[in-house]
Amino acid sequence: MNLDSFIEEKVASAIESLYGAQVPQGAVQISATRKEFEGDVTLVTFPLLRISRKSPEATAEEIGAYLKANLPQVESYNVVKGFLNIKISPAYWCDVFGEIAAADDYGQAAPTGRTVMVEFSSPNTNKPLHLGHIRNNLLGWSVSRLLEAAGDKVIKVNLVNDRGIHICKSMYAWLKRGNGVTPESSGIKGDHLVGDYYVEFNNMLVEETDEALRAAGIDPAEATPEQKAEAQKNTECQKAAQSMLLKWEQGDAEVRELWAKMNGWVYDGFDTTYRNLGISFDKIYHESQTYLLGKSLVEEGLSKGIFYRREDGSVWCDLTGDGLDEKLLLRGDGTSVYMTQDLGTACRRHEEYGFDEMIYVVGNEQNYHFQVLKLILGKLGFDWADAIYHLSYGMVELPEGKMKSREGTVVDADDLIEKMYQTAKETSLESGKLEDMDQAEQDKLFMMLGLGALKYFIIKVDPRKTMLFDPRESIDFNGNTGPFIQYTHARIKSVLRKAAVQGMTAAVTSEALLPKEIELVKIMAGFPDKIKEAAAAHSPALVANYAYNLAKEFNQYYHDVSILKETDEKVRSQRLMLISTIARVLVKAMDILGIQLPERM
C-alpha cells in the first residue's frame, strides 16, 4: 500500500465532493512532512486554489476536516499556511506491516517488459584489475541487480579490450626482456605477469627517449614536453609496438600466436579476481571480434558522405556542427581506434538483443567519447542511438594520490581483496566472539566481512563523485559501513535463534504498534519506492544508504524495547515478526549491492 498514492486518491475524492470539480492531473502534490511539523504526509494546496476559490489556509482546513471525518486511516491533521500536514493512524501502519511481512519477495517489482544491457569491467589485457576496476565492477554489478529488482530484464556484459597498441607494448617488452617466462614457470598470476611487462615497456621507452635526447644534445631533465614527445616517436620500442599492431591487424601468424598466448594468461587471472569479487557476466565480447564490423560501418559512412578521408588516408567524422570537434575513426595505416570497435560492438549487441537501454559503466574521463558515440550512431541512421546511457562515475583516489598503470603505482585488486580479508580477520578476532566457530566458518566470515566492507564503502558514494578509499575506515563496525549492517543482521538472527530455542513464535497479531515500531514500518514501506528511485537514477548508493538507515533505526529500537523478555505473548510474537521482516528487507537491499549478510558473527 503506497501511502502517497493512497492519499492522492482520497484527496482527489475530497475535492470532488467539496467543490464539485475534477482534479487536473498533477495538481495533487504530496510529499513527506518536514521533521519540524507533526504529520506523515503533506498536501500543497496552492495548485488547488482555482478549484476551491478560497485562501490556502481555508482550502487546507476544509480538505483536512473532510479526510479526518471520512477516512479512518487519518488520525489528525494540522494546517501551516497553505500546507496540510496529515498524520496517519497506527492502525494503517499495522495493516501495512502485515502486507510487508506476508510478501514473499518484498521490494521486487513486477516485470516491466524492458530489456537493459549493462556493460561493465571492460579491462585491458595488458594489466591486472586494480582499485579503479573494482569500483567499475561493483557499480556495474549493483546497477544490474538494482534494475532487476525494479522489474527489468538485465543482460550483464563485458567488453574485453584485447587488442590495440597497449597490448602490443606488453607483448614487445615480454619478447625483449621476458626470457620465455610464463605464469607456470614464475608462479606469478597471469594478469600480473603481463602487467609487469607493460610497466617494463614504459621503462624501455623512458630509457630510449633519454638516449635519443642526449644524442640530440638535449639534457633529458631539461627537455620540453614537445621535445620528449618527438623523441618518443622515433624510439625503437615505440616503432616496434606500432609495427606489431599493424601485423596483428594483417593477421600475421607469429604475432597472433603470441597475442593469443599472453591474453590467455590474462583471462585466467581475470577469472580468479571476478570469482573472488562475486562478479559474473551473461556474455563477454572481445574487441578483436567486433573491430572489423566497426571498420565496415566506417567504410559505409564514408561512402555515404557522413565521414571523410584526409590526405594521409585517415578517416574522420566532422562534428563541429554539433558543437564538438572532428573525430578520428581510422588511422592512416588502416588500423582502428576505440571508437571504431565501439561502433561495431554497439551494433552487434542491438542485433542480438534489441535492448531498450544500453548502459555503459565507464569513468568520467570518457564522457566525451560516449557523447561522440551516440552522435555518430545517430548519423549512421540507427534510431536506437538515444537508448545509450553513459553511467559516468568518478575516480577512486588514495590518500597518496592518483594511480598510474604504466608506472606500476596502482592498488592491485587481488592484493586489496586479501588486505580486506586480513583486516576483517584482525578486527573480528579482537572482539573475542568467535571461539565456537571452526576455522572454515571463520575464514568464510572474514571474507564475507572484508568484501562487504569493500563493496559497501565504494557503493554508498554517489557514482558520479570522486571518492577517497580508506580500507581501515571501511571495516569499522560502527557508522555507515557494510560491517555495521552485517552485524545488525547477525544480531537479529541471534535474537530469533534464542526465541526458537525457547519455543517462541513470530506472527503478525495486530497488536498496537509503538511509535518506534511505526517508524520502522514506515522505513520498510518506502523500500519499493526507494528501489524505483535508485533504478531511475542508476544509483545503488540510494539503496546502500537506505539499508544503513533501516539498520540504524533497528539498533535504536533494540536498545529501547524489550523483545524476548516481553511477557505479553501477542506483543512478543509481533515484535519477533517485525525484526524478522527487517532482516529480510536488509538481505534484499544488500543483495542488490552484491553483499552477503552473516547469520552470526
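Can you give the direction-averaged projected area of the convex hull of the alpha-carbon atoms in region 162-281, in nm²?
9.4
Derived scalar couplings between HN and Hα for region 475-490 equal 8, 4, 8, 10, x, 7, 9, x, x, 4, 6, 4, 5, 4, 5, 4 Hz in order, rounded to whole Hz, by the Karplus curve 6.51 cos²θ - 1.76 cosθ + 1.60 (θ = phi - 60°), x for Gly and Pro.
Our helix-only sum for the chain, with -39,500 (n - 2.57) per DSSP H run of n ≥ 4 divided by its residues, gives a mean residue ellipticity at 222 nm of -18500 deg cm²/dmol. Counting only residues at least eight positions apart within a chain, or on another chain, the aspartates and glutamates with an alpha carbon under 16 Å from that of residue 444 are 418, 426, 435, 436, 599. In the chain, the DSSP beta bridges split such that about 50 percent are antiparallel, to the nearest 5.
Label-to-label distance, residue 224 versus residue 549, with points set 7 angstrom from Cα along the beta-carbon direction: 5.7 nm.
One entry in (i) 35.6; (ii) 28.0; (iii) 23.8 is mean projected area of the Cα convex hull in nm² calculated from the shown coordinates; its label is (i).
A simple spin-label model places the labels of residue 207 and residue 18 8.4 nm from each other, with each point 7 Å out along Cα-to-Cβ. Pairs of lysine residues in region 3-88 that meet both criteria, 8 or more places apart or on different chains and Cα atoms under 19 Å apart, total 7.
Legend: calculated FRET efficiency, residue 478 to residue 565, from the Cβ-Cβ distance at R0 = 41 Å, rounded to 0.05, equals 0.95. Per-residue packing, averaged as other Cβ atoms within 10 Å, sorts the ranges 17-30, 42-55 into the order 42-55, 17-30, beginning with the highest. In sequence order, region 144-153 has phi-based couplings of 4, 5, 5, 5, 5, 5, 7, x, 7, 8 Hz under the Karplus curve 6.51 cos²θ - 1.76 cosθ + 1.60, θ = phi - 60°, and Gly or Pro positions carry x. Taking a point 7 Å out from the Cα of residue 312 in the direction of its Cβ, the residues of region 336-353 whose backbone N falls within less than 20 Å of it are 336-341.
None of the figures in this text is laboratory data; all of them are computed from the coordinates on show. Keep in mind that this is a model prediction, so the values were computed, not measured. Glycine also receives a Cβ, built like all others from the backbone with ideal geometry; neighbour counts cover every protein chain displayed.
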